[in-house]
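Visitor: Shown below is the structure under consideration.
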Amino acid sequence: MSAPIPGSILVTSDAGDAVQGDSALLNPTTGTVLSTQSFIYARSADRVPSGVNAIGRQQSSSDATIVALDVYDTSLTLVASITSLGSGNPQTSPIGGNTSDSFYIAITPFGFTTHSTVYRVSSAGVLDPTSWSIPTSSTPNSNALIGIAPSADNRWLYYTVQPPTGDALLSFDLINNVPGPTVLTLAPTEAFIQPGNLLMLPNGNLLVFVATNSETAFEVRQLTTTGVLVRTYPLAADAANGDAPELFRDYDPEFFWMRTFPDGTLHTSLFTQYSLTTGLQIVQWTSQNLNGSGQVPATCPNIVMGPEPPGTAKVGQRQTVPIKWVRRTSQMSDELLWLFFSEFQLMFQPGVGQANDPGANPQIGLRWSNDGGNTWSNQRWVSAGLQGQYGTRAIWRMLGRARNRVWELTSTDPVVWAMVDAFATVEKQA
Amino acid sequence: MKIPIVGGSYQGLARIVDSERSINLIVERPAPDSGALGALLGVPGYSVFCWLPGAPVRAIFWQDGRGFAVCGGGFYEYFANGSFTRRGNVAVDGNPASICSNGQAGFQIFVVSGGHGYIFDLNTLAFTDVTSQSEFPAPALTGFFTDGYFGAFQQDSITFSLSNLENGLIWDIAQGGKAQVSQSSDNIGNCIVSHREIWFPGSKTTEVWSDIGTADFPYAPIPGTTIERGIDGPFTLASIDNTVMMVSKNQDGSRDVVRANGYAFQVVSNPGISNLLSAAPSMEGSIAWNYVQNGHAFYMLSVPDMETDYGITTLCYDVSNNTWTERGLWNPNTAQNGIQFIPDLGRCHCYGFDQHLVGDRQSGAIYTMSFNQKAMDVVLVSA
């Protein structure tokens, strides 16, 4: 495969699919197949960090035997192939990864009917899935694992599956550094992502929720106000097939994707991109027969390729702030004699106050410096006139003495400001 | 005694020299024979026109009824009512992006972002990465359109390229191809088109090329136009008021704002402004944008870490009266000592849908800039 365009989506089939071992790289805007490749497939619950690399499993060309766990860079060039890791081999396990804490985590062993309670962590410090030196561990409450991933602040998440019928409820539990499990009742399997320190997940009606990882628990808020897509067949079908609607993270952290299988055949995938800020749909397209041979790599995961864009996680808040203006004059002096200031008058457009606050009675502030602008007097405020009071004059009196003086005017009121001149009444030292 | 209230900003090396400030004010000079007084006027405010996902707004463009923007890693089309549609994904780096169009000759938009080049088809809405074209100057920094050709230059090099005529999907030697600035040895800092001429300010000198119509490569340097001034901060370059402005440097020194007059640069920054610029650690990350409103042509220059005693402000040069003022955002909730400004939120500008549109340097907001807006209705991003 050639280098993916930024944000392109690598879709792979997993070991539960009849066409396991097929993969396709999709254009994120149109869904067009950019390229295909055989013998890369991934587990349904793999959660590889976006923009870092891809995890694939190499299958024998003669049978369904898994040969190796492969690691690919963002150009889909093979960087490592792991053929044997002994007990708890992550070759056959769902894998999660975390770039900030630099480790991978895997459930092991893993099956479709018998779920494990054991997980294993790769060597920390370098994001290297080829080294799994840390021994296996078991879940604290013996809940079976179907997915697992580390969060940005080093809390490891696992989720367990309830009876796979109807709108199955999942329990999301936390392990490592968390005093007790937090349980969220959520429907589809294998459908969560973690942009930054958020956990995003859909419920049974495919409303997307955002859970903020707090000190002791996840605080959940609903992101979308309507179902993010039309549910065209029962979620039970997903659960039965192990192929759930799936959320996955975008190349740009501002966005996330949901992939579903609207006709229930697993041969048609509906990809929908949403804004994390607004919850609104941005792009939607449908893909069929992705690998060009009449088959669809229908199952999860979906891995977004390309480098992480910098600085896009900031969201911001809309606010109204005043426009503050400042006018500081040049120095007034006259042979460094004492100047006695009895009055300062500003020639400006008065009577421009608003009908209501803010700005109903606009104010102008004056302060001065007698040392060239190093230290300043207190601010003195006068009115610029209510609405229609065109005879208002802005005058300041009893302004002290100085050998040189700098004046400074300011205001923050939201009115039309126009100043044309200023005059000081000055007596010079005899 | 008359007090010189109408004036701009000028900060000397020491306050005893001068410490004049005009922040968020516009200096209006009277017509020469009118006898009227000059005035200080308030500046226009911002209100949110649309809020794109991601951040920041890296380029904004409008032509013949359609508007486009690059925000974060997305290329968007925005509409008159403030709605928008994502038209494609772009590569991202810390630099601004650029957008230009060949209009009805090719119905194409050319986007340069993150070193890549992209063509958006105005009819089919296809968004194509053209970086792999044989003569495309990857990694590119800035794109332009002139005389039927799209063009771009390669970062940290002396090489620039032209596309095929009216077709930015093809970059080969059939109609365009690569060329190298040849009158001097310094790398191209940035480029801009003014009056169908391409200006290439480098790190020490500036070359100007024009279309001479030759078959193999249509552009060539204009004899005798090499200028002994280069650019300091590639994104301080702007085309304004029928000419070119930038922060300049050459082998003798730097940090003057200059304006082209013919094929020579005139320094337009007063010593006070040059003092401020020189005090900044670097011009890297500095961005200039420009607009014309109510008869004033403004060159807006934001320099990171250009500290003043009122915080960091955006320098604003009014070409119409040769006056420097400052712009800044003042947030009463966060301003230290009550008087600290942060730089104006603007980063790029276009005039579209009969209004001034300004892209936010922090968020994905595009603002309408208007004198009717007397406060700042903006998107604030915490650190």
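The values are calculated or read from the model by the stated rules, or taken from the named source; none is laboratory data. Everything numeric in this text was worked out from a predicted model, so none of it was measured. Backbone-built Cβ (ideal geometry, glycine too); neighbour counts: all protein chains shown. We work out accessible area using only protein heavy atoms, side chains counted, and drop any ligands, DNA or RNA first. Shrake-Rupley method; radii C 1.70, N 1.55, O 1.52, S 1.80 Å.
Visitor: Please give the calculated 222 nm ellipticity per residue for chain B, where each DSSP H segment of at least 4 residues contributes -39500 (n - 2.57) and the sum is spread over every residue; nearest 500 deg cm²/dmol?
Guide: Calculated at 222 nm, the ellipticity per residue is -500 deg cm²/dmol.
Visitor: At 37 °C and 0.692 mPa s, grab the translational diffusion coefficient of segment B:1-139 from Stokes-Einstein with a Kirkwood Rh over Cα pairs, rounded to a whole number in µm² per second.
Guide: The estimated diffusion coefficient comes to 175 µm²/s.
Visitor: How big is the B/A interface in buried accessible area, both sides summed, 1.4 Å probe, to the nearest 100 Å²?
Guide: By this definition, chains B and A bury close to 5200 Å².
Visitor: Less than 29 Å apart at the alpha-carbon level, and either on another chain or at least 8 residues along: which lysines does that give for A:Lys324?
Guide: Partners found: A:Lys314, B:Lys2, B:Lys374.
Visitor: Let me ask something else about it. A:Thr30 versus B:Thr334, label points 7 Å from Cα toward the beta carbon: distance in nm?
Guide: Inter-label distance under the simple model: 4.1 nm.
Visitor: Most fluctuating residue of B:Asp216, B:Asp232, B:Asp344 in a GNM of chain B with Cα springs under 10 Å: which is it?
Guide: B:Asp216
Visitor: Separation of segment B:196-221 and segment B:1-54 by C-alpha centroid, Å?
Guide: Spelled out, the Cα-based centre of one part sits 37 Å from the other.
Visitor: Which of rounded, prolate or oblate describes segment B:227-383 when judged by the alpha-carbon gyration tensor and an a/c cut-off of 1.5?
Guide: Taking the square roots of the gyration eigenvalues as a ≥ b ≥ c, segment B:227-383 is oblate.
Visitor: Using a loss threshold of 50 Å², tell me which positions in segment A:411-429 are less accessible in the complex than in their chain alone. Probe radius 1.4 Å, ligands and nucleic acids ignored.
Guide: Listed by number, the residues meeting the 50 Å² cut-off are A:Met419, A:Val420, A:Asp421.
Visitor: Shielding of B:368-377 by partners, i.e. mean partner chain Cβ atoms within 10 Å per residue?
Guide: 4
Visitor: Here is a follow-up. Note down the nm distance, to one decimal, between modelled labels 7 Å out along Cα→Cβ at A:Asn356 and at B:Ser185.
Guide: 7.0 nm
Visitor: Given charges of +1 on the Cβ of Lys and Arg and -1 on the Cβ of Asp and Glu, with all other atoms neutral, how large is the dipole of chain B about its Cα centre, in debye to the nearest 20?
Guide: Magnitude of the dipole: close to 680 debye.
Visitor: Of the chymotrypsin sites (Phe, Trp or Tyr not before Pro) in segment A:330-399, which ones lie in a loop per DSSP and count no more than 13 other C-beta atoms within 10 Å?
Guide: Hits after loop and neighbour filter: A:Trp338, A:Tyr390.
Visitor: Classify segment B:1-56 from the C-alpha gyration tensor, please: rounded if a/c falls under 1.5, else prolate or oblate depending on whether a/b exceeds b/c.
Guide: Since a/c reaches 1.5 but b/c is at least a/b, the shape of segment B:1-56 is classed as oblate.
Visitor: Separate question: Give the residue from B:Gln104, B:Pro137, B:Gly88 lying farthest towards the positive end of the charge dipole for segment B:1-155; charges sit on Cβ (+1 for Lys and Arg, -1 for Asp and Glu) and the dipole is referred to the Cα centre.
Guide: B:Gly88
Visitor: If the reach is capped at under 30 angstrom between alpha carbons, list the lysines near B:Lys249, excluding any in the same chain fewer than eight residues apart.
Guide: Reachable lysines: B:Lys178, B:Lys204.
Visitor: Mind running the shape call on segment B:24-94? Use the C-alpha gyration tensor, a ≥ b ≥ c as the square roots of the eigenvalues: rounded below 1.5 for a/c, prolate if a/b tops b/c, oblate otherwise.
Guide: Taking the square roots of the gyration eigenvalues as a ≥ b ≥ c, segment B:24-94 is prolate.
Visitor: Keeping all protein chains in place, calculate the accessible area per residue for segment B:250-383 (probe 1.4 angstrom), answer in Å².
Guide: 37 Å²
Visitor: For the residue pair B:Arg196 and B:Asp241, what label-to-label distance in nm results when each label sits 7 Å from Cα along the Cα-to-beta-carbon direction?
Guide: Those two pseudo-labels are separated by 2.6 nm.
Visitor: Another question, then. Fully extended, how many nm does the chain gain between A:Trp285 and A:Asp73 (0.36 nm per residue separation, minus their Cα-Cα distance)?
Guide: 73.7 nm
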